[in-house]
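Here is the structure we will look at.
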Amino acid sequence: RFTAALRGDTGVRHIIAVDPASESDNFSIVVLAIHKDHRRVVYAWTTRKKLHQKRVKAGSTTEKNFYAYVARKIRQVLAAFPSERLVMDAQGGGRAVEEALHDEEKLEEGELPIWQTIDPDPKARKDSDGRKGLHILEMVQFANAAWVAEANHGMKKDMEDQVLLFPDVDVPLLGLSKEMDAQERKTFDTFEDCTLEIEALKAELTTIVWTETEGGRERWDTPAIKGEANKGVKLRKDRYSALLMANMTARTLARARGDVEYHAAGGWA
């Protein structure tokens with residue numbers, strides 16, 4: 001058993017995934033802790049541009065630029081959960097966030113720019129490969145149908161095999177954390193917020209529907225519901241998307257390292 005966390009355990013590897021949507025959907029961060037025979041969802045956080053504007057008005061942040069604000073949040077999460085990989089959707093504002101992560105004008109003392117990972121293939125060389133900084137960022141193309149299919153089938157298998165695990169809701173710990181937050185006058189990004197975000201992630205996962213097009217392409221999406229004026233409204237799936245990227249990255253890195261694959265009940269394949 002384990003609970004959500006605001007900091008990572010020493011000696012545990014982490015993967016951070018970001019879905020950069022921010023208008024109709026949430027900007028979402030999900031963190032996986034990589035253990036020997038399983039992976040744990042330990043942290044989740046979301047925001048939107050409207051929520052960011054409310055925080056600016058409330059004085060909880062002085063950063064008015066949204067992309068600089070979320071880039072700062074990503075750095076805070078990296079500091080709390082030292083990670084071997086930061087993975088992000090290239091669409092929906094992903095490129096703008098990527099630029100903010102290596103904007104030297106926004107760096108604080110001791111921080112390094114964050115760049116894309118370096119591909120060992122000389123033919124895949126990027127201009128950023130020689131830049132000073134942390135080369136841990138991987139940009140994902142959700143338009144790649146093969147990647148999406150493999151990621152979804154892999155995540156489904158990992159949940160069924162109890163390799164991808166979700167935290168318990170510890171009610172006494174929630175109560176204690178609320179008291180401590182009240183004493184410290186902490187109103188944002190609390191342990192309760194993190195716990196509720198992961199519960200919202202679980203709820204999103206239950207809404208995902210698999211379909212297949214006439215051309216044989218698989219799709220994973222949320223159903224449309226009736227909104228105002230009977231207009232069709234899509235349920236959000238941004239937390240799910242972040243988890244999908246994190247888990248697929250964990251699988252890919254495990255294969256690259258030659259790790260033994262897992263099977264049901266946390267044993268070895």
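General remarks:
- Relative contact order computed over the stretch 1-156 (Cα-Cα under 8 Å; 6+ residues apart), in percent: 21
- Distribution of pairwise C-alpha distances over the stretch 1-131, 5 Å bins, in %: 2, 9, 18, 20, 20, 16, 10, 4, 1, 0
- Note on the chain: with neighbouring protein chains present and a 1.4 Å probe, carbon and sulfur make up 50 percent of its accessible heavy-atom surface.
- The chain: relative contact order in percent, alpha carbon pairs under 8 Å with at least 6 residues between: 25
- Probe 1.4 Å, accessible area per residue of the chain, Å²: 55
- Which labelled figure in [x] -0.34, -0.66, -1.25; [y] -0.49, -0.85, -1.14; [z] -0.33, -0.63, -1.10 is log10 I(q)/I(0) by the Debye sum over Cα atoms at q = 0.08, 0.11, 0.15 Å⁻¹, once derived from the coordinates: [x]
- Across the stretch 34-41, rounded Karplus estimates of 3J(HN,Hα) from the backbone phi angles (6.51 cos²θ - 1.76 cosθ + 1.60, θ = phi - 60°) give 9, 9, 4, 10, 6, 10, 10, 7 Hz, Gly and Pro being marked x.
- Of Glu99, Glu105, the residue with the largest accessible area leads and the full order is Glu105, Glu99 (1.4 Å probe).
- Residue-level accessible surface for Thr62, protein heavy atoms, 1.4 Å, Å²: 130
- Within the straight-line cut-off of under 24 Å between alpha carbons, the lysines reachable from Lys106 are Lys49, Lys50, Lys54, Lys57, Lys64, Lys73, Lys126, Lys132, sequence neighbours fewer than 8 places apart in one chain being disregarded.
- Take Glu160: with every protein chain present and a 1.4 Å probe, its accessible area is about 110 Å².
- Ser60 sits with roughly 60 Å² accessible to a 1.4 Å probe, with DNA, RNA and ligands left out of the calculation.
- Note on surface exposure: Leu205, Leu244 rank Leu205, Leu244 by accessible area, highest first, 1.4 Å probe.
- D (Stokes-Einstein, µm²/s), Kirkwood Cα radius, the stretch 89-248, 1.567 mPa s at 4 °C: 67
The values are calculated or read from the model by the stated rules, or taken from the named source; none is laboratory data. These numbers come from a predicted model, not from an experiment. What goes into the accessible areas is simple: the full protein's heavy atoms, side chains included, and nothing from ligands, DNA or RNA. Shrake-Rupley method; radii C 1.70, N 1.55, O 1.52, S 1.80 Å.
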